[in-house]
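What follows is a short report on a single structure.
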Amino acid sequence: MTLTDWPDLMVEASPVISRETDVTVSLPPFEVLVGRWGEIAPMIARATIRTGCYEPTDLLLMAARGEMAIWLCMRGEIIDAALVSQVINYPRRRILEMVAAGGANMAAWRDIAVRTLDQHARALGCAHVACIGRPGWARAWGGDPTGDIVMVREV
């Protein structure tokens with residue numbers, strides 16, 4: 001199953017919806033993303049501005065093609081956060097990479113989001129979930145920093 005009905009899409013997805021207490025973490029239908037893009041884009045922009053590699057609309061277009069997945073962390077109809085993931089196939093392992101994340105009220109959705117993304121990664125045959133981010137993300141997500149740093153030089 002892919003994120004849409006298109007047969008040639010690259011990202012396989014399982015229909016993951018996790019709900020605990022009043023928080024839901026899910027891969028919503030594309031139409032929901034488009035309909036609520038005015039709320040979602042600013043959340044994602046807080047992450048994309050750091051590297052300049054993507055604009056939020058780039059990620060939405062990539063999600064439409066099945067190359068990225070945009071997750072929503074919600075309480076009822078309120079969107080607390082948007083998370084963007086991508087499956088990367090390396091020669092020796094497959095990973096679920098977290099490309100961008102932004103929002104508010106992290107304490108409410110963090111634990112369920114981590115469990116949901118880990119479950120999704122396992123279902124897709126990924127060896128691990130990885131991301132590049134500010135040091136605070138390692139503490140928030142319980143990841144193991146590799147000790148590496150990311151260096152960027154404009155050319």
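Computed from the coordinates by the stated procedures, all read-outs in this text should not be read as laboratory data. Because the structure is a prediction, the values reported are computed rather than measured. Methodologically, a virtual Cβ is constructed for each residue, glycine included, from the backbone with ideal geometry; neighbour enumeration extends over all protein chains shown.
Label-to-label distance, E67 versus A123, with points set 7 angstrom from Cα along the beta-carbon direction: 2.4 nm. Remark: spin-label model distance V114-R92 equals 2.7 nm, labels positioned 7 Å along the Cα→Cβ axis.
Per-residue Cβ neighbour counts within 10 Å put T24, T57 in the sequence T57, T24, beginning with the fewest.
Cβ crowding within 10 Å, taken as a proxy for footprinting-reagent exposure, orders D118, D144 from fewest neighbours to most as D144, D118. Take the Cβ atoms of E55 and A130, set R0 to 22 Å, and the FRET efficiency comes out at 0.45.
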